[in-house]
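The values are calculated or read from the model by the stated rules, or taken from the named source; none is laboratory data. This structure is a prediction, so every number in the text was calculated from the model and none was measured. Note that we place each Cβ from the backbone using ideal geometry, even for glycine, and neighbour counts take in every protein chain shown. We work out accessible area using only protein heavy atoms, side chains counted, and drop any ligands, DNA or RNA first. Shrake-Rupley method; radii C 1.70, N 1.55, O 1.52, S 1.80 Å.
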Amino acid sequence: MYAPTLAYLIAMVSAFIVPTIGDFIERKMRVDDVVGAVAVHGSMGFLALIWVGVFAAGYPTGVNNVDSSIWGQLLGIATFLPLGFLSGWLASWIMKKLNILRVPPEVELMGLDVAEYDPLIYLPEVASPGEVIVEPDGTIVPAEPVLRAARDEVVV
């Protein structure tokens with residue numbers, strides 16, 4: 001829908017706006033959004049609707065060939081705001097009041113990976129014994145020599 005230069009400019013402006021919105025959400029609104037999902041997907045989703053209404057007005061949307069317009073895009077925002085953002089905010093608020101939104105403080109300090117997974121998950125050469133192959137008779141053998149021999153047969 002956009003010329004490549006316009007798409008590049010829109011992406012650059014959006015990339016400049018995301019950290020600003022992320023800081024506002026975390027510092028001013030005091031929302032704990034560690035990965036910046038609200039700033040990236042939420043605010044840029046709404047901004048993308050406005051970009052389409054401004055820069056692609058008059059082009060067919062692909063659905064029944066209806067032309068896009070800023071008013072149609074603003075109607076989309078007015079629809080998605082209560083359906084998406086407000087319902088998610090309400091669900092999070094209820095979970096916070098029921099005290100099921102966050103993990104216990106000791107798990108948070110320990111780290112979710114350590115609490116939920118094997119502590120050595122990031123060291124696969126230490127954590128796992130290595131790949132194995134189960135022979136037809138049921139014996140378990142290390143996979144590396146078998147795979148190396150098979151590779152040598154194919155190469156020769």
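In terms of modelled amide H atoms, which long-range or inter-chain residues lie less than 5 Å from the amide H of Tyr59?
Correct list: Ser68.
With springs connecting C-alpha atoms under 10 Å apart, model the chain as a Gaussian network and identify which of Ala48, Ala11, Ala143 has the largest mean-square fluctuation.
Ala143
FRET efficiency for Asp33 and Glu135, Cβ-Cβ distance as r, R0 = 41 Å, nearest 0.05? Before the final figure, lay out each step's value.
Values: r = 51 Å, r/R0 = 1.24.
About 0.20, to the nearest 0.05.
Where the centroid of each part is defined by its Cα atoms, how far is the range 81-102 from the range 11-59 in Å?
20
If contacts are Cα pairs under 8 angstrom and at least 6 residues apart, what is the relative contact order of the chain in percent?
11
What does the charge count near Pro145 come to, summing +1 for each Lys or Arg and -1 for each Asp or Glu among other residues with Cβ under 15 Å from its Cβ? Before the final figure, lay out each step's value.
Details: positive: Arg148, Arg151; negative: Glu131, Glu135, Glu144, Asp152, Glu153.
Net charge around Pro145: -3.
Given Cβ point charges of +1 (Lys, Arg) and -1 (Asp, Glu) and nothing else, what value in debye, to the nearest 20, does the dipole of the chain about its Cα centre take?
1180
With θ taken as phi - 60° and the coefficients 6.51, -1.76 and 1.60, list the Karplus ³J(HN,Hα) couplings across the range 95-111 in order, rounded to whole Hz; mark glycine and proline as x.
Result, ordered by residue: 5, 5, 5, 7, 6, 10, 7, 10, 6, x, x, 5, 6, 4, 5, 5, x Hz.
So for the range 2-80, averaging the separation of alpha carbon pairs under 8 Å that are six or more residues apart and normalising by length, what relative contact order in percent results?
23
In degrees from 0 to 90, rounded to the nearest 10, what is the angle of the helix 4-23 Cα long axis to the longest principal axis of the chain?
80
Run the paramagnetic zone check for Tyr59: 7 angstrom along Cα to Cβ, then residues of the range 1-29 with backbone nitrogen under 14 Å.
1-11
Could you work out the local net charge near Val107, counting Lys and Arg as +1, Asp and Glu as -1, over the other residues with Cβ closer than 12 Å to its Cβ?
-3
What is the percent carbon and sulfur in the accessible area of the chain, measuring with a 1.4 Å probe over the protein chains and ignoring ligands?
Working: 8450 of 12380 Å².
Carbon and sulfur together cover 68 percent of it.
What trypsin sites (Lys or Arg not before Pro) does the range 1-103 have in DSSP loop regions with at most 13 other beta carbons within 10 Å?
Sparse-neighbourhood loop trypsin sites (Lys or Arg not before Pro): Arg30, Arg102.
In the Gaussian network model of the chain, springs joining C-alpha atoms below 10 Å, which of Asp33, Asp137, Asp113 carries the largest mean-square fluctuation?
Highest fluctuation among the options: Asp137.
Determine how large the accessible area of Leu90 is when every protein chain is in place; take a 1.4 Å probe and give Å² rounded to the nearest 10.
90
Taking the Kirkwood radius as the inverse of the mean 1/r across Cα pairs, report the Rg/Rh of the chain.
Ratio of gyration radius to Kirkwood radius for the chain: 1.21.
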